[in-house]
Amino acid sequence: MGDWIVVPIVLPAVMAALIVLAVRHDIILQRVFSITATVALVAVTLSLVIFANGHDPEMYALSDWPAPFGIVLVLDRLSAMMVFLTSLLGLGVVLFASSEWDQRGKHFHALFQFQLMGVNGAFLTGDVFNLFVFFEVLLIASYGLMLHGAGADRLKAGMQYVVINLTGSALFLIGVGMIYSVTGTLNMADLAIQVANVASGDAALLRAGALILLLVFCVKAALVPIHFWLPGTYANAPAPVAALFAIMTKVGAYSVLRLYSLAFGDMAGDMAWLAQPYLLPAALITLALGMVGVLAAKRLNTLIAFAVVGSMGTLLTSIALFTPESIAAGLYYLLHSTFSAAALFLIADLVVSRRGQYGDSLNTAPTFHQSGFLAVLFFIGAIGMAGMPPLSGFIGKLLILDAARDSDAMVWIWSIILVTSLMCIIGFGRAGSVLFWKSASVEGEITVEGAKWPVLPIIAACGMLGALVVLTAFGGPVTDYLNSVAAQIFDTSGYIKAVLGDNALAQIGQ
């Protein structure tokens, strides 16, 4: 694809600057520019997926500097899938926000485009330091988006979010410095070669740096014990921002999968599969605590946020097994959980905006405008998040359970996933009955001034739910593609050759 690899980064960056400089005083033009750019991004990333599916990994060297000295972007099936997922999610979010949310604060569309730039850059970069750079780009944009619309609760949650992530950024730099001091490189493909050649006296420093990075990625993925920032942040964020943040935790999961299968995988000698002993128990505990939060939640948005924590536990449980089958299953669940979380946050906002003074509290209240239609949407989203048939969440969990059959931790994995699935069903069932079923027995109806059928928000919410239906209906072809993604992840030679050339693998063990 040549120069097209850089487009998912350059397109939103240019559009963000153009919105700020040229059309910041005209909200209509901002919407037109932002939606047009996001539609174009969907088209470009889809073409990258098609290309990556039929070709070996391909590198783009910025300014034509050769690797490992220059900055490189690498397109393979995994990175192509992730940028396509980001663009689809972004399109739904920008449509929802363009109804009215973008007017509740300043520079929504510019920040939104910068956010897409940072997320896409994190998925495409082939360098650990530039992964840090793109982390900072997406985090800075997310700070502004998190505070969009103001409010005391949002400001408090935003400050916690900022502090936690700034601490993570500081640890990221420390870990990067430790790894570079030992290996002399931060290029991921070059690390895959150099890690196996590290002298025994430097092994402890390399291990410490790698584990610090693992901790940082677990902060981004909201994994125990550093998951506590997510429920408050997501529950208090504006609805379209919370929906967009559904991809943010996946950046952490992607980073774990990319770095610890490539640089610390089979070829890493004593460092092989370094993350596995720490990742699996943390993921199972995260899953359990997330679903306990679902049962205990007293607000709808808090319930959904804890469900996101639990879904990350499920995803990282699958990734932590580090087998081709578990990775393919985890990636299917990654797609599903991203769309289901986004859909629920958007649906929750449609519900809250019609409940007046009751907001998102899980208390019985009179019926409200469009309650029947929104009840159907909530029901579909809830069964998707809980992993009930027939939607893709059920398929994803079955694939994960099947992939765990040969694991030594099979009993724990099966038990926790099945029990927490029941907990999730109970939690969402309770919320649905309070919001919709019990309200039918209460006299009167809540009337909110200006209540109507908001076309764009409903299209966006239905689009996210439609993605779950597509994942279910085309489960066979999707899993076939994901099996090829997992096979390419474990065949690290293709990635290394794309970045460093055909002779690079001969350096291992020298």
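The values are calculated or read from the model by the stated rules, or taken from the named source; none is laboratory data. Quick caveat, the model's predicted, so the values are computed rather than measured. Cβ sites come from the backbone with ideal geometry, for glycine too, and all protein chains shown count toward neighbours. Surface accessibility is based on the protein's heavy atoms, side chains included, excluding ligands, DNA and RNA. Shrake-Rupley method; radii C 1.70, N 1.55, O 1.52, S 1.80 Å.
Considering only residues in region 249-306 that are charged (D, E, K, R) and outside any helix (DSSP H, G or I), the one that is most open to solvent (accessible area, probe 1.4 Å) turns out to be LYS298.
The one condition from (1) open to solvent by 10 Å² or more (accessible area, probe 1.4 Å); (2) under 23 Å from MET248 (Cα atoms); (3) touching a residue at least 24 places away in the same chain (Cβ under 8 Å) that SER142 does not meet is (1). Considering ALA451, ALA461, ALA467, the condition of being open to solvent by less than 10 Å² (accessible area, probe 1.4 Å) and either at pLDDT 95 or above or more than 19 Å from SER311 (Cα to Cα) (or both) is satisfied by ALA461 alone. Evaluated against (1) assigned to a helix (DSSP H, G or I); (2) over 15 Å from the mean Cα position of the chain (by Cα), VAL224 falls short on exactly one condition, (1). For region 361-375, the criterion of being part of a loop (DSSP other than H, G, I, E, B), aliphatic (A, V, I, L, M), under 16 Å from PHE428 (Cα atoms) and more than 25 Å from the chain's Cα centre (by Cα) is met by at least one residue.
With the structure loaded, tell me whether GLY90 is small (Gly, Ala, Ser), open to solvent by less than 10 Å² (accessible area, probe 1.4 Å) and under 16 Å from VAL7 (Cβ atoms) or whether it fails that test. Answer is yes for this residue.
Checking each residue in region 17-32 for being basic (Lys, Arg) and either modelled with pLDDT of 90 or more or not in a loop (DSSP other than H, G, I, E, B) (or both) picks out only ARG31. Within region 1-11, if we keep just the residues that are part of a helix (DSSP H, G or I) and touching a Ser or Thr at 6+ places or on another chain (Cβ under 8 Å), the residue that is farthest from ALA80 (Cα to Cα) turns out to be TRP4. Within region 397-419, being part of a helix (DSSP H, G or I), farther than 14 Å from ALA283 by Cα and open to solvent by less than 60 Å² (accessible area, probe 1.4 Å) holds for LYS397, LEU399, LEU401, ALA403. Do we have LEU315 as hydrophobic (A, V, I, L, M, F, W, C), under 25 Å from ALA235 (Cβ atoms) and open to solvent by 10 Å² or more (accessible area, probe 1.4 Å) here? It is false that LEU315 is hydrophobic (A, V, I, L, M, F, W, C), under 25 Å from ALA235 (Cβ atoms) and open to solvent by 10 Å² or more (accessible area, probe 1.4 Å). Of the candidates MET188, MET159, MET178, the single residue that is free of Cβ contacts under 8 Å to residues at least 40 places away in the same chain and within 30 Å of PRO57 (Cβ to Cβ) is MET178.
Residues in region 1-32 that are crowded, with 21+ Cβ neighbours inside 10 Å and among the small types (Gly, Ala, Ser): ALA16 alone. The set of residues from region 33-67 being assigned to a helix (DSSP H, G or I), surrounded by 15 or more Cβ atoms within 10 Å (Cβ to Cβ) and more than 24 Å from the chain's Cα centre (by Cα) comprises just one member, PHE33.
Looking across GLY105, GLY118, GLY70, one residue alone is under 30 Å from LYS497 (Cα atoms) and modelled with pLDDT under 95. It is GLY70.
Out of curiosity, is ALA320 out of contact with any strand residue (DSSP E or B) (no Cβ under 8 Å at 6 or more places or on another chain), open to solvent by less than 10 Å² (accessible area, probe 1.4 Å), at negative phi and of a type outside the set (Phe, Trp, Tyr)? In short, yes.
Conditions (1) farther than 15 Å from LEU131 by Cβ; (2) open to solvent by less than 10 Å² (accessible area, probe 1.4 Å); (3) of a type outside the set (A, V, I, L, M, F, W, C); (4) modelled with pLDDT under 95, marked per residue:
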residue: LEU155; (1), (2), (3), (4): yes, no, no, yes
residue: GLY158; (1), (2), (3), (4): yes, yes, yes, yes
residue: GLN194; (1), (2), (3), (4): yes, no, yes, yes
residue: ASN197; (1), (2), (3), (4): yes, no, yes, yes
residue: SER200; (1), (2), (3), (4): yes, no, yes, yes
residue: ILE226; (1), (2), (3), (4): yes, no, no, yes
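Scanning region 110-128 for residues that are open to solvent by less than 10 Å² (accessible area, probe 1.4 Å) and not in a helix (DSSP H, G or I) turns up THR125, GLY126. Could you tell me whether any residue of region 83-99 is touching a residue at least 60 places away in the same chain (Cβ under 8 Å), closer than 25 Å to SER353 by Cβ and not in a helix (DSSP H, G or I)? So far as region 83-99 goes, yes, one or more of its residues are touching a residue at least 60 places away in the same chain (Cβ under 8 Å), closer than 25 Å to SER353 by Cβ and not in a helix (DSSP H, G or I).
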